[in-house]
Amino acid sequence: MRPDAIRPDAIRSDASRPGKSRPGAARPNTARPAHPRDDLDYVAPAASAGGFHDPFEDDGPAPEFAPAPENWREAEHAPVVEKRSRRPRTPRPAETFKVFAPCPQGLEEALTAEMQALGYEDAQAGRAGCSFTADWSGVQRANLYSRLATRILVQVAHAEISHEDDILDLARATPWERWFGPEQTLRVDTSAVKSPVQSLQYCNLRAKDGICDRLREVEGARPDIDTVRPDARVHLFLTGHTATLYLDTSGESLFKRGWRLDKGEAPLRENLAAGMLALAGWDPAAPLLDPFCGSGTILIEAAWIALGVPPGISRPFGFERLRGHDAYRWRDLKNDARARILPQIEQPLVGYDLDPRAVEFARANAERAWLTADTIRFEVGDARDIPAPADHGWIVTNPPYGERMQAEQQEGLWRAWSSCLKRNFAGWQLHVITSDMSLPQQLRLKPRRRIPLHNGALDCRLFGFELVAASYRDR
């Protein structure tokens, strides 16, 4: 128990305890009113001398009894004392929730593996995400530790619908007052897969009206709508003839770690960069090179992985603005995470870019991520003529493609880069994300893997190559 959680009024002497009376006197009714918060957020008050306060104890203390005479065993009508063993109370199990964590398409299996590694054993891959169950502490941990998820959504209602107005009834029947009230601002988003509804905008309006009607009926007022920085976010998801309402516990998308303010051209989202490292099988104890580093996203994500820095350690979350948020418990969870961060890493993490401005952006982002200059080495350099920082390692990169380069520029770049790879990087693993499906032919390399991914709206592939010296001819 935390020392700062002990309150003076929680420590009472026997003389001041209510209900203490002479033997045989009737005890007054000292039943406490029900705690206003639910079991999920209940924090037992402190007890003196390290004792345990049982919230389900009987009303008031037990009455005192007069001391028995020394020869009580010989007295007439001596009471018969029956000794009974006292069974320990069974703790009330924590409430669990169905949770859905969306992610970029192509990372579903990697996200599921990540969630299982975090202790969510029932995690299952689904369409553009994975589902699992967790208590409220587990929901917070998923927000704090997941590198691949975009949001953590808690399911609060689900039903079959036959008309858009059924959404209104579903939203009105959901106890939103448990999570937020009219004093907070609200935003509702709607998405659908194979749903027969005619207008998603109308469905979104029905959900919003149902939520507002519920709070007006229960608490006498409606919340204001804020589409930019709301206190509470609700997601309506429609599929076939069902509707599911989710409470968004993340707030801003989870790929927004809080350190990237300077963005280069065609920036890569942080959770996609972490997903590329996971799919590439990068060993955090091995060297890593990004020859087209841009604003440094891949290497900064790699440094946080190697150091064990939780991706959400420096950003706020939506659940912190909900009713009943236990700031002390959340602080303890983050302090425990900080205590596990390693002080430094030994393997080289190196980034090159031909644009000096991009290198400046990368260094500034790394500084905001609390990474020292010796953790990641960012330099101005040409990918067509760079040395290998070690005799083996991984190259994971997002090179320029599409509108960022002219066709003749691409042909010359890939031919020269391929020669550099064959000359300097034998024994390395190469993974490249691109929307150019002809990249392997232009590099004159045969991919061992091609994994479909989406970089925003772009349909891409993550091509994986093994750079083995004996298999090359420098043509």
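Is the C-alpha gyration tensor of segment 307-377 telling us rounded, prolate or oblate? Criteria: a/c under 1.5 is rounded; beyond that, a/b larger than b/c is prolate, otherwise oblate.
The shape class here is oblate.
If you look at just the Cα atoms of segment 106-174, how large are its Rg and its Dmax in Å?
14.6, 41
Residue 218 to residue 346: extension gain in nm, 0.36 nm per residue of separation minus the Cα-Cα distance?
40.3 nm
Report, to the nearest whole %, how much of the accessible area of segment 92-222 belongs to carbon and sulfur atoms, 1.4 Å probe, protein only.
Details: 2780 of 6050 Å².
Carbon and sulfur: 46 percent of the exposed surface of segment 92-222.
Taking the simple approach of a point 7 Å from Cα along Cα-to-Cβ for both residue 286 and residue 227, what is their distance in nm?
With each label placed 7 Å out from Cα toward Cβ, I get 4.7 nm.
I'd like to check one number: the per residue accessible area of segment 189-264, probe 1.4 Å, reported in Å² as a whole number.
In whole numbers, segment 189-264 has 47 Å² accessible per residue.
If each residue of separation counts as 0.36 nm, what is the full-extension length gain between residue 239 and residue 159 once their alpha-carbon separation is subtracted?
Values: separation 80, 0.36 × 80 = 28.80 nm, distance 1.09 nm.
Extending this stretch completely gives an extra 27.7 nm.
Starting from the Cα of residue 263, step 7 Å along the direction of its Cβ; do the same at residue 415; then give the gap between the two resulting points in nm.
The two pseudo-label positions are separated by 3.5 nm.
Sort 151-163, 347-359, 243-255, 287-299 for me by packing, meaning the mean count of neighbouring Cβ atoms within 10 Å per residue, highest on top.
287-299, 243-255, 347-359, 151-163
Quick check: at a probe of 1.4 Å, how many percent of the accessible area of segment 294-370 sits on carbon and sulfur atoms?
Summing carbon and sulfur atoms, their accessible area is 52 percent of the total for segment 294-370.
Pulled fully out, how much extra length does the chain show between residue 320 and residue 135, if you take 0.36 nm times their separation in residues and subtract their Cα-Cα distance?
Net length gain for the segment: 65.0 nm.
Taking a probe of 1.4 angstrom, what is the accessible area of residue 256 in Å², to the nearest 10?
Surface open to solvent at residue 256 totals about 100 Å².
Provide the descending list of Cα extents for segment 227-333 along its principal axes, expressed in whole angstroms.
44, 41, 27
Going 7 Å from the Cα of residue 442 along its beta-carbon direction, which residues of segment 411-430 have the amide nitrogen within less than 13 Å of the resulting point?
Answer for this model: 411-418.
Round to a whole number: what % of the accessible area of segment 409-452 belongs to carbon and sulfur, probe 1.4 Å?
48
The values are calculated or read from the model by the stated rules, or taken from the named source; none is laboratory data. In this text the structure is predicted, and so the values were computed from the model without any measurement. Heads up, the Cβs are rebuilt from the backbone with ideal geometry, glycines too, and the neighbour counts pull from every protein chain shown. The accessibility values were calculated without ligands, DNA or RNA, using every heavy atom of the protein model including side chains. Shrake-Rupley method; radii C 1.70, N 1.55, O 1.52, S 1.80 Å.
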